[in-house]
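Here the structure comes first, spelled out in structure tokens, and everything after it is commentary.
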Amino acid sequence: MTKRNYQIDYPRMRINLEVNDIEAFVAVASVLNFKAAAARLHMSASALSRRVQKLEDLLGVRLLDRTTRQVTLTLGGRQLLERSSEILAQLDEAVISLKGNDSPRNASIAIAAIPSIAHRLLPDALRLFHERYPATRVSVRDMTTNEVVNAVSSGEAAFGITSFVQHDPTLEFRPLIRGRIVAAMPKDHPLAAKERLRWTDLRDHAVISTWKGAGIRMVMDVDLARARDRLSPLFEVQQMYTALRFVEEGLGIAPVPDFFLGPNERERLNVAPLIEPTISVDLGAILSRRHKMTSMAQHLLDSIVARFTSPNES
């Protein structure tokens, strides 16, 4: 890791800070866990602790309160985190723009997304982002909705892409697209001849759905309960992607948001709108209100938003 210094000048003092020490503090402050932050920086937890202590000594301010059970930010720590994250991101952009792939320190962004979105809708957005910032590394962690929420809450991911989540005052949900729940079934399914299906039509057939804790399943269950109906799947899976693969294998019919269905799925399967009730679900970005997003992460989110709002969206 390249060692760099910069100076903060005040009327009567000058403080020499090393960028690596600031990076160390930001890593710990983002996850509030020395072991996890040390693993991210590829160093020992003790070495990381010494770096943070050095920064505290240099500034003359306690940044973190440490106990055997938890790590918390002090007021000074919160103030420094707000400023340093943006400073490091701007430094990354400046160095990358000047030196490109030869930059001694390339930016890295971690995001979380449900697999069905990661494999179908993210590639175009990542391609657009890579064209603009070729030296920036992006780590995409494909997870369940609950895991995406936890990753964003902990600061492990800059933001997440998933479906509906329950209200959490520490999180912000920004809708990207709205999808309608449709029925995906094999082309030779007994219901394939119908142009539209009622939810009651599914009662006598094998249904495949995500498990009750999944965001989309919760939306369906709530709206069906309001219509005095309920979903009784024969097969429950963790991911919508798996449900579609089960449909292709002829195991049953699956209610899915239409944005999960690409050209290949629509060619292989029969798709019909589900009515009475008509149910819609939002796909969006989850952001933490506690962890400020870097400008580079914002650029990546902008690329994803551009992909989802593109008129060529499939």
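What residue, among those in region 117-137 that are assigned to a loop (DSSP other than H, G, I, E, B) and of a type outside the set (Gly, Ala, Ser), is farthest from residue 34 (Cα to Cα)?
Among those that are assigned to a loop (DSSP other than H, G, I, E, B) and of a type outside the set (Gly, Ala, Ser), it is 121.
Please give the number of the condition residue 289 fails out of (1) in the same structural domain as residue 141 (by TED's automatic domain parsing); (2) in contact with a helix residue (DSSP H, G or I) (Cβ under 9 Å, 6 or more places away or on another chain); (3) exposed (fewer than 13 other Cβ atoms within 10 Å of the Cβ).
(2)
Given 140, 148, 222, which one is part of a strand (DSSP E or B) and out of contact with any Phe, Trp or Tyr (no Cβ under 9 Å at 6 or more places or on another chain)?
Going through 140, 148, 222 in turn, just one is part of a strand (DSSP E or B) and out of contact with any Phe, Trp or Tyr (no Cβ under 9 Å at 6 or more places or on another chain): 140.
What's the number of the only condition in (1) modelled with pLDDT of 95 or more; (2) among the β-branched types (Val, Ile, Thr); (3) under 21 Å from residue 120 (Cα atoms) that residue 242 fails to meet?
Here residue 242 meets the rest and fails (1).
Tally the residues that are under 17 Å from residue 281 (Cβ atoms) and part of a loop (DSSP other than H, G, I, E, B), restricting the search to region 187-215.
Matching residues across region 187-215 total 4.
Given (1) closer than 23 Å to residue 109 by Cβ; (2) buried (at least 17 other Cβ atoms within 10 Å of the Cβ), where does residue 18 come up short, assuming only one miss?
It is condition (2) that residue 18 fails.
So which residues in region 248-264 are surrounded by fewer than 17 Cβ atoms within 10 Å (Cβ to Cβ) and in contact (Cβ under 8 Å) with a residue 40 or more places away in the chain, if there are any at all?
Within region 248-264, 248, 250, 251, 262, 263 meet the criteria.
Taking into account only those residues within region 73-116 that are modelled with pLDDT of 65 or more, β-branched (Val, Ile, Thr) and over 21 Å from residue 34 (Cβ atoms), which is surrounded by the most Cβ atoms within 10 Å (Cβ to Cβ)?
Within region 73-116, the match that is surrounded by the most Cβ atoms within 10 Å (Cβ to Cβ) is 114.
Only residues in region 210-229 that are modelled with pLDDT of 90 or more count as the first member; pair them with residues that are part of a helix (DSSP H, G or I) and among the aromatic types (Phe, Trp, Tyr), Cβ under 8 angstrom, at least 6 apart or cross-chain, and list the lot.
Between residues of region 210-229 that are modelled with pLDDT of 90 or more and residues that are part of a helix (DSSP H, G or I) and among the aromatic types (Phe, Trp, Tyr), the close pairs are 224/199; 227/199; 229/199.
This table checks each residue for (1) surrounded by 15 or more Cβ atoms within 10 Å (Cβ to Cβ); (2) of a type in the set (Lys, Arg); (3) in contact with a Lys or Arg (Cβ under 8 Å, 6 or more places away or on another chain).
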residue	(1), (2), (3)
171	yes, no, yes
181	yes, no, no
196	no, yes, no
211	no, no, yes
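All but one of (1) touching a Ser or Thr at 6+ places or on another chain (Cβ under 7 Å); (2) over 19 Å from residue 121 (Cα atoms) hold for residue 283; state the number of the condition that does not hold.
Exception for residue 283: condition (2).
Could you check region 225-255 and list, in sequence order, the residues that are under 14 Å from residue 181 (Cα atoms) and assigned to a loop (DSSP other than H, G, I, E, B)?
Listed by number, the list holds a single entry, 231.
The values are calculated or read from the model by the stated rules, or taken from the named source; none is laboratory data. Since this is a predicted model, take the numbers as computed values, not measurements. Neighbour counts run over all protein chains shown; Cβ positions are idealised from the backbone, glycine included.
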